[in-house]
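Engineer: Sharing a structure, written as C-alpha cells. Questions coming.
The values are calculated or read from the model by the stated rules, or taken from the named source; none is laboratory data. Note that the structure is a prediction, hence the values are computed from the model and not measured. Quick reminder, even Gly has a Cβ in these numbers, built from the backbone with ideal geometry, and neighbours come from all protein chains shown. When the accessible area is computed, the model is the full protein with side chains, heavy atoms only, and any ligands, DNA or RNA have been set aside. Shrake-Rupley method; radii C 1.70, N 1.55, O 1.52, S 1.80 Å.
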Amino acid sequence: MSDTPSQSAHSPIADLSYRTYDGPLRTHYVRWWVIARASLRLAMKKRGYWPLVALASFPYLMVGIMLYISKRTGMAGMLTAMGGDLYQNAFFAAYSWSLFSVFLLALLTGNAAIAGDTRANALQVYLSKPITKLDYLVGKWAGLFITVASASLIPATVLYLFVLGLYYQDGFLGEHPALILQAIAVSVLPGVLHTSVLLGFSAVAKTPRVAAALYAAFYFALGPISQITAGILGQAGHTQQAALASRMSMSGILSEVAMHVLDAKPMPGRFGGQHGLSQLPEPPLLPIVLTLAGLVLAGLAIARARVRAVEVVRG
Amino acid sequence: MTVASLANLTVRYGPKTVIHDLTLEVPEGCVGLLGPNGAGKTTLLKTLLGFISPASGRGSVLGLDVATQGIAIRQRIGLMPEVDCYIPGMNAVSFVAYAGEMCGMPASQAMRRAHEVLEYCGLGEARYREVETYSAGMRQRIKLAQALVHGPSLLFLDEPTNGLDPEGRDEMLALIRDISHGKGVNVVVSSHLLPDVERTCDEVIVLKDGVMKAQGPISTLRETDGCQVDVELKEPSPIFFEAVERRGGKVLSAEGARCRLAFASSDGTLGAALFAVAKESGAQLRGFRLAQRTLEDVFMEAISE
C-alpha cells in the first residue's frame, strides 16, 4: 500500500477547514417571508396541529353532508330554521361551529410566536441579521395568520366547490356570484383577530405557557363578562346597549361580523338564547367592527412596543 | 486598513451616557475589546451593529455608516451574542440554514453552507439534534456557526468562552484563532478573560466608563519602559543586587532567585554587563530575558488611570 495520502484527502470535499462563502447574498428580498415560512414550518411540526386542523375542518364536512341530504330530500332542515338563504346560512353555520377549534389552533401554534423567542433569546439572533423589527413582526404575524386562517379558508373553499358542483344546475352561481368572496372574507377573520391579539400576549409573556394561559383567560373571561353585562343592561331597559354587550366576546365579535358579511340568519340558541337575551334587537355593526379593529391594533401595538433589539438601561 | 472607525461618538440610554466622545479605529485582524463590567463594550458592539443611534459623533463599519446603514452592516458582519440563544423547535442544521436565509442566502445555498459550517465548528455529528438539547459548549459552537454561515467579513464575539470547561475553552479559542488568521475574517472579541484575549488577539482596546483607556498591538502594550530584564540566579544573592546598583541599575522586584532589574538604557551590551555583575558578585546567572508586562498589568494600569 502506498504511504501517500489518498486522492480524497486533497479533494475540496474532504476539506473541513473554514472556507469563505462566495455564493450569492441577496440584498433585495422579502425578509419577512423568510420568517413567515419558518414559523409556518415550525407550527406544522407541532403535535396537535393536524388534529386541530381536522377538528376545524369537521364542521365544513358536516355542513357539506347536510347540504347533500338537503339536495337529495329537498328539505333544508335547521339551516333555514330562522329564515334566510340556505347557502349563506350553511357557510355561517360551518364557520361558527369551527370557531372554537380555530381558537385552539391559534393558541397551540401562536403562544410561542414571540414568547418562545424571548425565552430562548432568539431575538438577538433575528435582530443581528439584516432584519428590522418590522420584518420580524410582519413575518411572525404572517406565519401565524397563514397557519390559523388556512384551517378555515381551505375547508370553506372546498365546501364552496362542493356546493358549486352540487347546485350548479340550479343556478347557484348566478344567484350567489359573491358568495366565494364572502366566504373567503369570513374565513380569514378569525385568523386576523387571533393572530394579532395572540401576538400581543406572546410579546408580553416571558414563556409560551404564560402567553397561552393569558390568552385563554382573556378569551374565556370575555364571554361571561359580556353576558353578565348584557343581562344587567337588559334588566335596566337598555336593550340596544345590552344587545351590543352580548356580542362583546371574541366569538361574539367574530360571529356578528361574519353574520353581516354573509347576510346569514343565525340558528336558534345563539347569542344568549338560554339567558333570555335572544329577544334583544340586532346590535349596530359599527361598534363591533371598531372593537375588532381595536383588538387587532392593540395586539400589534403591544407586540411592536415589546420587541426590542436593545434592553434599555435606565440609569 | 480599518474595519470600523468611530469619531467623537457619544451614546446615551436616556439620561445616562454610556459612551463618551469615543474616537477609535478598529484595525484588521483579531482585536480584543476589554473593560470591566459597565465599561460600554456591549453598547459599543450594539452601536456598531446599528441597533443604537449615537447621540453625537459618527461611526462606520466596513465603510458603512452605523446610523443609517444598519441593515447593510448586519448583512456583512456576524454576531455571536453573549447569552445562549437559539430558535425553539429547530435542529442545528435548520437553525444555521435559517440564519443564512435571513442574511439573504438562497435556501439551497444556506442549507449547504450550514452543513459545512457545523462541520467546521465541530457539530457535524449533532447537526440533526434540536438545539434545546445541546450542552453549554455545543451552544457556544452553534452561536459561532450561525454567525459564520453567511461568510461575514467581520465577526463580533461577545464572551465566546462563557460557560465552557477548559477543554471546550481551548477548542473555542483555537477556532477563533483559526478564523481570524489567514481566513479573511476580521474578529472583535469582547471578553473579561484576559488570557483568552491574549491567546487569540493581536490588538486590544481597553474601555472604562465608555472612555478608551488604551489601544494598540498587545506586543507593544506589553513592552516595558526603559530597559528592564528578568534575571534568574542560582540562589538569592543580595551582593548581586548591590553590584547592580553600583553599575547604575535598579532592582524593581525580587522573589527568591528571580528578580526584575531596570537599566537606564540598553546600548547592546546588557548581556555583557549582567555577566560582569555576576562575576563581580560571585552569583551564578542561570538566565535572563527582556522583561514584558502581562496583559493583566496593561489592563490594570489602563483602568486605574
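Engineer: Any residues in the range A:108-126 that have 50 Å² or more less accessible area with all protein chains than in their chain alone, probe 1.4 Å, and which are they?
Structural biologist: So the qualifying set is A:120, A:124, A:125, A:126.
Engineer: Here's another thing I want to ask about it. With chain A treated as a Gaussian network of Cα nodes joined by springs under 10 Å, which of A:139, A:294, A:165 yields the largest mean-square fluctuation?
Structural biologist: Evaluated over chain A, the most mobile residue of the options is A:165.
Engineer: In the range A:26-306, how many lysine pairs have Cα atoms under 18 Å apart, counting only pairs 8 or more places apart or on different chains? Mind dumping the intermediate values first?
Structural biologist: Values: A:45/A:140; A:46/A:140; A:129/A:140; A:140/A:206.
Count of close lysine pairs: 4.
Engineer: Quick one: accessible area per residue over the protein assembly as shown, 1.4 Å probe, rounded to a whole number of Å²? Intermediate results must be reported in sequence, preceding the final value.
Structural biologist: Numbers: 28180 Å² over 620 residues.
Roughly 45 Å² per residue, with all protein chains present.
Engineer: Another question about this same structure. If you wrap a convex hull around the alpha carbons of the range A:26-306, what volume per residue comes out, as a whole number of Å³? Please report the intermediate quantities before stating the final value.
Structural biologist: Values: hull volume 39.8 nm³, N = 281.
Dividing the Cα hull volume of the range A:26-306 by its residue count gives 142 Å³.
Engineer: Are there residues in the range B:46-75 whose accessible area shrinks by at least 40 Å² when all protein chains are included rather than the chain by itself, and which are they (probe 1.4 Å, ligands and nucleic acids not counted)?
Structural biologist: Correct list: B:46, B:51, B:71, B:74, B:75.
Engineer: If amide H atoms are built 1.01 Å from N in the plane of the peptide, which residues on other chains or at least 5 residues away come under 5 Å of the amide H of residue B:86?
Structural biologist: Placed amide hydrogens put A:122 under 5 Å from residue B:86.
Engineer: State the number of lysine pairs found in chain B whose Cα atoms come within less than 18 Å, restricting to pairs 8 or more positions apart or on distinct chains.
Structural biologist: Lysine pairs meeting both conditions in chain B amount to 9.
Engineer: Can you give the angle from 0 to 90° between the axis of helix A:250-262 and the longest principal axis of chain A, with both taken from C-alpha atoms, to the nearest 10?
Structural biologist: Taking the Cα atoms of chain A, the angle to A:250-262 is about 70 degrees.
Engineer: Using a Gaussian network model on chain A with a 10 Å cutoff between Cα atoms, which of A:42, A:286, A:262 fluctuates the most?
Structural biologist: The residue with the greatest mean-square fluctuation here is A:286.
Engineer: So if R0 is 30 Å, what FRET efficiency would residue A:308 and residue A:216 give, r being the distance between their Cβ atoms, rounded to the nearest 0.05? Let's see the in-between values first.
Structural biologist: Numbers: r = 26 Å, r/R0 = 0.87.
So the FRET efficiency works out to roughly 0.70.
Engineer: To continue, here is another question. Calculate the spin-label point distance for residue B:222 paired with residue B:300, positioning each point 7 Å from the Cα along the beta-carbon direction, and give it in nanometres.
Structural biologist: Those two pseudo-labels are separated by 1.7 nm.
Engineer: More than 37 Å apart: what percent of Cα pairs in the protein assembly as shown qualify?
Structural biologist: Working: 102195 of 191890 pairs.
When every Cα pair of the protein assembly as shown is considered, 53 percent fall beyond 37 Å.
Engineer: Chains A and B: what accessible area do they bury, summed, in square angstrom to the nearest 100, with a 1.4 Å probe?
Structural biologist: 3900 Å²
Engineer: Roughly to the nearest percent, how much of the accessible area of the protein assembly as shown is carbon and sulfur, given a 1.4 Å probe? Spell out each step's value before the answer.
Structural biologist: On the way: 16430 of 28180 Å².
For the protein assembly as shown, the apolar C and S fraction of the accessible surface comes to 58 percent.
Engineer: Next up: Amide H of residue B:213: which non-local residues (sequence gap of 5 or more, or other chain) have their own amide H closer than 5 Å, using H built in the peptide plane?
Structural biologist: Answer set, sorted by chain and number: B:206, B:207, B:208.
Engineer: Near the amide H of residue B:9, under 5 Å away, which other amide H atoms are found, from residues 5 or more places off or on another chain, if H is placed in the peptide plane?
Structural biologist: Answer set, sorted by chain and number: B:22, B:23, B:58.
Engineer: Note every residue of the range B:103-117 with a reduction of at least 50 square angstrom in accessible area, all protein chains present versus the isolated chain, computed with a 1.4 Å probe, or write none.
Structural biologist: B:104, B:113
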